[in-house]
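Every number here is computed from the coordinates shown, using simple stated rules; none is lab data. None of these values were measured; they are calculated from a predicted model. A quick note on method: Cβ atoms are made from the backbone with ideal geometry, for glycine too, and the neighbour counts reach across all protein chains shown.
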Amino acid sequence: VIKSTLCPEFFEDYSCTENISLGINVKVLNTMLKKAKKGDQVGFKSNGETIIFNFGLEWSFSLKLIDIQEDNYEIPAVNYDFSVSLNPHVLKEWQSLFSATNARVEFSFVESKHESSVVMDTDNVALQLTSEGENMTVKKLETLHFDICNSPYSFGLNEKSMSIITSLSKFNKDICMCFQNQTPIEFSFELGTHGSVDCWFAPMVNDEEDL
């Protein structure tokens with residue numbers, strides 16, 4: 001689930017008489033946006049049930065909106081067990097390391113033995129990432145300053161989720177990674193005064209634990 005706020009400053013012409021939430025299938029939206037050419041102006045309008053996209057004078061798409069409330073896509077309030085700020089350099093390292101395995105990445109929390117590591121003194125933990133591919137295993141130990149670290153559980157993310165997460169480095173913003181145990185992992189960042197981008201990724205279930 002991705003939540004994004006678009007402000008009037010992003011548009012050349014903008015009109016909105018009341019607040020409205022537009023639930024859109026991201027995969028379908030991406031397919032439509034690929035039709036846009038460099039320099040094309042993309043316009044859209046909605047009546048609350050459908051949204052119409054216009055790409056110049058050539059393309060027009062009508063898409064049925066997703067009812068966020070009906071389909072239970074609303075993100076509930078949580079009490080975070082873990083929170084950390086990741087700079088773009090960290091995400092770029094993850095991208096180069098784990099793209100080689102093309103496999104799920106396991107996140108676990110281990111005792112930090114590096115004397116110069118910047119971690120919370122009360123917890124003395126570090127974030128360890130592990131990915132096991134067919135031909136290699138990659139491990140990365142991140143010694144970061146955790147804003148919140150309240151006995152977080154280990155979790156795994158699949159290769160598609162990791163590809164999206166590491167691509168966020170293109171925005172050149174510090175990314176907040178946080179979650180409550182046994183809930184989706186949140187990655188979010190601010191777009192200055194223009195809004196924010198919030199993404200949630202469901203953790204993968206360990207087959208052995210599921211038996």
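Along Cα→Cβ, 7 Å out, is where each label goes; now give me the distance between the ones at S85 and S108 in nm to one decimal.
About 3.0 nm, to one decimal.
Going through the cross-link list K27/K170; K3/K139; K34/K139, which pairs have a Cα-Cα distance over 29 Å in this structure?
The pairs that break the limit, which is 29 Å between Cα atoms, are K3/K139; K34/K139.
7 Å from Cα along Cα→Cβ at both A100 and N25: what's the point-to-point distance in nm?
In this crude label model, A100 to N25 measures out at 3.8 nm.
On a full-extension model of 0.36 nm per residue, what is the gain between D13 and M204, subtracting their alpha-carbon distance, rounded to one decimal in nm? Please report the intermediate quantities before stating the final value.
Details: separation 191, 0.36 × 191 = 68.76 nm, distance 4.23 nm.
Stretched out fully, the D13 to M204 stretch lengthens by 64.5 nm.
What Kirkwood radius, in Å to one decimal, follows from the Cα pairs of region 128-211?
Answer for region 128-211: a Kirkwood hydrodynamic radius of 14.8 Å.
Amide H to amide H, which residues 5 or more places from G133 or on other chains are under 5 Å from it, using H placed in the peptide plane?
Excluding prolines and chain starts, which carry no amide H, the hits are V138.
Near the amide H of G156, under 5 Å away, which other amide H atoms are found, from residues 5 or more places off or on another chain, if H is placed in the peptide plane?
F107, M204
Applying 1/(1 + (r/R0)^6) with R0 = 45 Å to the Cβ-Cβ distance of D40 and K140, what FRET efficiency is obtained, to the nearest 0.05?
0.65
Work out from phi, with θ = phi - 60° and the Karplus expression 6.51 cos²θ - 1.76 cosθ + 1.60, the ³J(HN,Hα) of each residue of region 165-172, listed in order in whole Hz, and give x for Gly and Pro.
Using θ = phi - 60°, the values come out as 4, 5, 5, 5, 4, 5, 6, 6 Hz.
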